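What follows draws every value from the coordinates through simple rules; no lab data is involved. Quick caveat, the model's predicted, so the values are computed rather than measured. Don't worry about glycine lacking a Cβ; one is built from the backbone with ideal geometry, like all the others, and counts go over all protein chains shown.
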Amino acid sequence: MTRIRNFTPGPVEVSEEVLSAQYGQQKLHVGADFAATYIRVTEGLQKIFGTSGHVAVVPGCGTLVNEMALGGYLAPGKRVLILDAGYFSSVLQRSVEGWGAEPVLLPVPEGQPLAPEALRTALTQQHYDLLCFTHVETSTSLLNPVKDYCQVARDAGVPVMVDSVSALGTCAAEMDAWGIDVMTSGSQKGLESVPGLGLVALSDRAWKHVESTGIRRGGVTDLLRWREQFDTARDWHPSLTTMPVGVVYALDVALQRMFSEGLSDRYQRHRTARDFLCAELADLGLEMQIRDGARAAGVTAVKTGGRFSSSDLVTYLMQHHQIRIAGGFGANKEEVFRVAHMGDHASIPALRPVVSGIAQFLQQLT
Ligand SMILES: *Cc1c(COP(=O)(O)O)cnc(C)c1O
């Protein structure tokens, strides 16, 4: 089997060490060994999210935990402001509607983040019960100025939920310091592990808020139940349901790798990889979708500039180089391609073959 080098933004390339942590004999989601691992994972995630609040680790995915988190805040009649920066905003919109609340979409300008002042205006014109946005909008590679938006939201007294599904692990997250109430992620992107877990962190203030609303959503989708289970049975049966056990062990190894590298060194490595890729592609005459200064550390979206269709490049790299990259999203699907630089692929040596493959593709066009 030819080994494919994976540069798609999720699931991302994963080290052998993380992959193999899943295997061996069947493991259980109960007992002291699993419990110790699960606790270590939740505590490690608290450091990465930057919060003293409990992090719920649940079977599933980013979309599920976004929906669970929204469920703790929303009831019919509540109104949510969503910054519409691309595809993943529309996914949030559906979840808001699913709980019977009203989403209001604020469009983000092309290629750059919304100015914090524009957010301030929107939050003062109407009452909102929640502000939602992506940390990184994976479909365009926009990095939102999270800290600035949180400041504006604090001033307006509106709680903040941040979807950090692809960003977490590639760049700093400081939930408590920045004033984020809820932040979500998944195991398969910036945290460089395998798919299967949704991660949802609430600040201590947000947990109190969720308790006080009295809104309880479902059984297993009720965040408070996950925390109660953890608090009452953490040493033996810390999760509410059966977990994808191997995935928890894999994430544990991935987090230990992150801590042994050091978080700030890791984030710097991602930025260096991004800057290298953007400079090399610019030398090839390509334009990034997002302006300098607002680009994600873990994924880069690049415009084809009308020179080719992104699906042709995707196919070429796979056929000639066994390199997998991703196309664009939505209406501009063929006009954008995306290269992820997460996990061990956030490095200059890992990206060199991608750059030379793209250069070859461009050469044979003419
Ligand atoms: C991938 C992604 C999601 C969806 O995550 P799933 O685990 O596929 O449900 C949501 N938001 C963002 C920003 C993402 O990148």
Margin query: Can you tell me the length gained on complete extension of the stretch Ala294 to Gln26, counting 0.36 nm per residue apart and subtracting the Cα distance?
Written below: 92.1 nm
Check: Taking the highest mean first, how do the peptides 14-26, 335-347 order by number of other beta carbon atoms within 10 angstrom per residue?
Finding: 335-347, 14-26
Check: In straight Cα distance, which lysines are under 25 Å from Lys189, not counting same-chain residues fewer than 8 positions off?
Finding: Lys27, Lys47, Lys147, Lys303, Lys333
Item checked: For the chain, built as a Gaussian network whose Cα springs stay under 10 Å, the top-fluctuating residue of Gly60, Gly77, Gly169 -> Gly77
Check: Suppose every K and R has +1 on its Cβ and every D and E has -1 on its Cβ; what is the size of the dipole of the range 114-261 about the Cα centre, in Debye to the nearest 20?
Finding: 220 debye
Checklist line | Point-to-point label distance, Glu16-Gln229, nm (Cα→Cβ direction, 7 Å offset) | finding: 3.5 nm
Notebook entry, point to check: Roughly how many debye, to the nearest 20, is the charge dipole of the range 16-258 about its Cα centre, given +1 on each Lys and Arg Cβ, -1 on each Asp and Glu Cβ, and no other charges?
Noted result: 340 debye
Note to self: Modelling each spin label as a point 7 Å along the Cα-to-Cβ direction, I'd like the His127/Ala36 distance in nm, to one decimal.
What the structure shows: 5.2 nm
Check: Does the range 1-81 come out rounded, prolate or oblate by the C-alpha gyration tensor, with a ≥ b ≥ c the root eigenvalues, rounded set by a/c under 1.5 and, if not, prolate when a/b is larger than b/c and oblate if not?
Finding: oblate
Next item on the list: Over the residues of the range 192-285, compute the C-alpha Rg and express it relative to 2.2 N^0.38 Å.
Entry: 1.56
Note to self: Using only alpha-carbon positions, what ratio does the radius of gyration of the range 200-254 give when scaled by 2.2 N^0.38 Å?
What the structure shows: 1.28
Item checked: Unit charges at the beta carbon, dipole of the chain: most positive-side option, Ser139, Leu240, His321 -> His321
Note to self: When a/c reaches 1.5 or more, the comparison of a/b and b/c decides; with that in mind, is the chain rounded, prolate or oblate per its Cα gyration tensor?
What the structure shows: oblate
Check: How much net charge surrounds Ala254 when only the other residues with a Cβ under 13 Å from the Cβ of Ala254 are counted, with Lys and Arg +1 and Asp and Glu -1?
Finding: -3
Check: What percent do you get for the relative contact order of the chain when only Cα pairs under 8 Å and 6+ apart count?
Finding: 25 percent
Notebook entry, point to check: What nm distance separates the two modelled labels at Gln363 and Ser260, each placed 7 Å from Cα along Cα→Cβ?
Noted result: 3.9 nm
Next item on the list: Please check which bits of the range 36-76 a label hung off Glu211 would reach, taking the label as a point 7 Å along Cα-to-C-beta and the cut-off as backbone N under 18 Å.
Entry: 52-56, 72-73
